[in-house]
Amino acid sequence: MASSLSRRRFVQLGGLVAAAPAAAPVVRSRGGTRPIVIASANGHRFRHGGPRTCVEEAFLHLSRGGDVLDALLAGVRILELDPEETGVGYGGLPNADGVVQLDAAVMHGRLRRAGAVACLEGVRTPSAVARAVMDHTDHQLLVGRDAQAFARRMGFPIEEDLNTPTSRRLWLEWRRRIDPEHWLDPARRGEAGERAARQMLAEGLLDPHSFFGTVFCGGLSARGEVAAATSTSGLAWKIPGRVGDSPVVGAGLYVDGAVGCAGSTGRGEANLYHLSSFLIVECLRQGMHPKDAGLVALRRIREGVTEKRLLNARGNPRFNVTFYILNTRGQVAGVSLYAGPHAAFAVCTEQGAQTLPCEGLLGPDEGPEVPA
Ligand code: ASP
């Protein structure tokens, strides 16, 4: 496992084994499957003022014998509602027009069903709407205004605006920096946008993990059932209508009840091109360890990047992608294109919750430090 996560950063990330999330006795199947939850690092960072993080909450539900997807969504909801998490749900960083547009997906292994929403506005908990798509329709993905209309009909409160004072202030700062005279030519405008965002990262105005920023959460129940969920406000300042990998089955997440699950955070466009979560689960099916399966997908992405603007001086990708992988034997891995302080993942078992460094395909010195 990469050791580049400093101890200080590890503690900041909420690392070090936390107390077991609950005193409730863990329900175990006759076969002895131990429940486990895996998530992106933010899954063990935010609590929305409550006692538990996402992975702890999900594990608590699992340990009480709850359905695996219900358990994960109880955890993901904490991040969606927490305004401090500016990459997911309420208070997520908005698109280029200042509108918060959210994507989410859910997938249940035993039921062999999935549901997703993209470009959803006005609902703080898009993962719950994705769940409603799975439960109440014959479809898999609803988008935009019609996804919102569906949510309204399903009884979700619709809000005019999901910005918080923080997300609005940061968007305004970004606009001010990129658009001082309203319009630039397209090439210069693109550059200016990226430059402004990187400057804001360097100045500490933006939390690096939420420039991109998604929660992925996967779990294995005592009954041996697997499920996964994603939720995100997507790439900060994206072109309105842009949809990343998170709500796309096979890209942002994939579950096969007999094999395991995988999910991602990072540059969605790179992942969409390769449908990496599907690829990883196929590798698990062939008997690969989660770590090796994840590295296969990372190599595919690295080899697939040929556009100059996406490569650094060493010819490596200028972005990061991270995969979170869990098989039905309860083995897990977190793997990133680049190891480093932002490449971490969260796990919760009977022993409690931990934040662990991801295995990197490339060392931090092989690319610019980029958020994932
Ligand atoms: N993958 C997400 C997207 O491209 C963003 C992220 O995970 O950081 O929308």
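Since every read-out is calculated from the coordinates, none of them should be taken as a lab result. Here the structure is a predicted model, which is why all the values come from computation and not from measurement. Here Cβ is always computed from backbone atoms with ideal geometry, including for glycine, and neighbour counts include all displayed protein chains.
Things to note:
- Protection proxy ranking of 213-224, 126-137 - average other beta-carbon atoms within 10 Å, highest first: 213-224, 126-137
- Charge context of LEU73, other residues only, Cβ under 12 angstrom, K/R +1, D/E -1: -3
- Euclidean distance of C-alpha centroids, the stretch 269-329 and the stretch 224-250, integer Å: 16
- Structural descriptor for the stretch 322-366: relative contact order 36 percent, calculated from alpha carbon pairs under 8 angstrom and at least 6 residues apart.
- Using C-alpha pairs under 8 Å with a sequence gap of at least 6, the mean separation divided by the residue count of the stretch 220-372 gives a relative contact order of 20 percent.
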